[in-house]
1. Of all DSSP beta bridges in the protein assembly as shown, what percent run antiparallel (nearest 5)?
2. What percent antiparallel are the DSSP beta bridges of the stretch B:106-250, to the nearest 5?
3. Counting other C-beta atoms within 10 Å, and keeping those with at most 11, which DSSP coil chymotrypsin sites (Phe, Trp or Tyr not before Pro) do you find in the stretch A:164-256?
4. Suppose we keep just the alpha-carbon trace of chain A; what are its Rg and Dmax in angstrom?
5. Would you mind giving the mean number of other chain beta-carbons within 10 Å of the Cβ of each residue in B:67-77, as a whole number?
6. Which GluC sites (Glu not before Pro) in the stretch B:53-128 sit in a loop by DSSP (not H, G, I, E or B) and have at most 16 other Cβ atoms within 10 Å of their own Cβ?
7. Let me have the 222 nm mean residue ellipticity of the protein assembly as shown computed from DSSP H runs of 4+ only, each contributing -39500 (n - 2.57), with the sum over all residues rounded to the nearest 500.
8. Which order do the peptides A:247-258, A:195-206, A:221-232 take when ranked by the mean count of other beta-carbon atoms within 10 Å per residue, highest first?
Amino acid sequence: MNWKVVLLALLCLMILGVAPWVGGSLGQDHSGFILIQLRIPRVIMGGIVGATLGLTGAVYQALFDNPLATPSTVGTTAGAALGALAVLVLVPSGASALPLVSLAAFAGALAVTFTIAAIAASGRARINDVLLAGIAITLATGAITTGLQFQADMASTFEAVRWSLGQLTQVGYAGVRVLTPIALVCCCLLLWQTRALEAMLGGEERAHAQGVNIRRTRTLCLAVGAIGVGACVAWCGPIAFVGLIVPHLIRLSLGPTRRILFPMSALSGAAFLVLCDALGRWWMPHADLPVGVVTAGLGAPLLTWLVTRRRV
Amino acid sequence: MSTGIQLDNLCVSLGQREILTDVNFSIAPGECVALVGPNGAGKSTLIRAMLGLVKPSAGSVRWAGTGVRSMRGQDRAAAMAWLPQHGIISEAVPVLEFVKAARFRFSETRAKSLAAARSALVSVGADHMESQAVSTLSGGELQRVMVATLVAQDAQLFLLDEPANHLDPAQQTAFYGMLRRQREAGRGVLCITHDMNLLGHLAALAGQGSGPQSVRVIGLEEGHLRFDLPLDSAALTEALSSLFGLSLEAVTRGGRRYFLPGESP
């Protein structure tokens, strides 16, 4: 059991360490620039985003006691997409610089998730009703997004579609500098909830009887997850599947013990996203394939295979 | 200021329906109480109100003078531990981790929590299954592990909701033996049951306990408290008979009191 954890951790660290050197040739004279200004910040960004998505997914699954719960199902991603699209479509292009899009995406993610968190905090709703409300709001938000796209001209629709695929493209360290503290604080706060979430293994009411403040735990996990994921999505666009697949991969290989599941979901999330990005670079060196396409393309069959293999 | 738990004119309504009406009783530290009544009498709701899981529509539930819904979670968990009727754990967590989770109320190192969880498992005779997954346990094994979580939580009063319901006779006897040891350690017990013959086991607990000796039987029917009598009182046979709508006969064998259905009407 323990050697499996160590082995997986080493594998993840190895992927993170090797990734900057994967991809098109670094060239002769520009090698320093490509490696230091493009590849390394991109890998760091992928690591931060993957860790946040993986950990938040694992925490949400534990909180909702539901294997389908992810930041996407409680509306965080949909809210971010709506915010970003609103800026891309409504603000005349040229003015819609990247920081504005990011801010709007962040605001959208928070608005939707805090609505869900407020429902969860009322204490009256059962936790699965909260998840249903999240799915309903996700669908409604998606409908508004589609409506906006329908109204928009070709150029901004194209831009919006590009954004919604999820990209890790970085030049320099501006993004890393903004995102690292946010993600770090969010991940620490979520890991801090491990004991409360362990007590929830026997259901929320039993956890209450064991001394857990259910409303506070629900609100804190949802809100902190939304801030972390919202910040990631704001910068990189919605990256599909990481929050869903990574916790399941860890659960299936290392078991559901929270103390191992949470940190390993963060580490593996980082490695998984960086690996997907590196694979995309290696496969199509000049296309700059959006990493969201690779995570979905690689993750979906992998998860399907693992889940069905276990059932047989 | 009283110690233990005190219910004053407790009323609970769920939707339009009143589940509990003007329930009054108290449990002193170390006391053993059996809560009996037909299905749908409101027994489980009563326990949930004691834990602060449902809000009273009137009246109050207080532990040592403080309303249970305004207590800090950790303080409430130090007062009462709960064994719900349906314990479903879907995740394949190892038994030791599961029991360790019940140490939430303590601010302590992981090593200390694990040591406490281990000794809780030893006290219920389940230490050999510490690395087994909770989801693979049989009914009897799971109930043992559940009691270990209560022991690990180290609360003063155990609230048990039909704990022996799904156990076979040998497991039931073993289960009550386990409870007896907890009672000898000075813990209070409130046990819901509608199996009257299990009251005999509870009497055996009281005989050897160091706390207050008598077991009380509280009868609940349609949300009303019908009686609150010691197990050895002469009036109990009559009270139980009218509670369950059955004519019962008390039989004493080996120092234990059993209630058997008399002639059918």
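1. Once the DSSP bridges in the protein assembly as shown are tallied, antiparallel ones form about 60 percent.
2. Antiparallel bridges: around 55 percent, rounded to the nearest 5.
3. none
4. Rg, Dmax (Cα atoms, Å): 19.3, 65.
5. Numbers: counts 0, 0, 0, 0, 1, 2, 11, 4, 1, 4, 7.
Counting Cβ atoms of other protein chains within 10 Å of each residue's Cβ and averaging gives 3.
6. Loop-located and lightly packed - B:E108.
7. After summing the helix terms and dividing by residue count, I get -18000 deg cm²/dmol.
8. In decreasing order of mean packing, A:247-258, A:195-206, A:221-232 become A:221-232, A:195-206, A:247-258.
Read-outs throughout are calculated quantities, based only on the coordinates presented, and are distinct from any laboratory measurement. Everything numeric in this text was worked out from a predicted model, so none of it was measured. All Cβ positions, glycine included, derive from the backbone under ideal geometry; neighbour counts span all protein chains shown.
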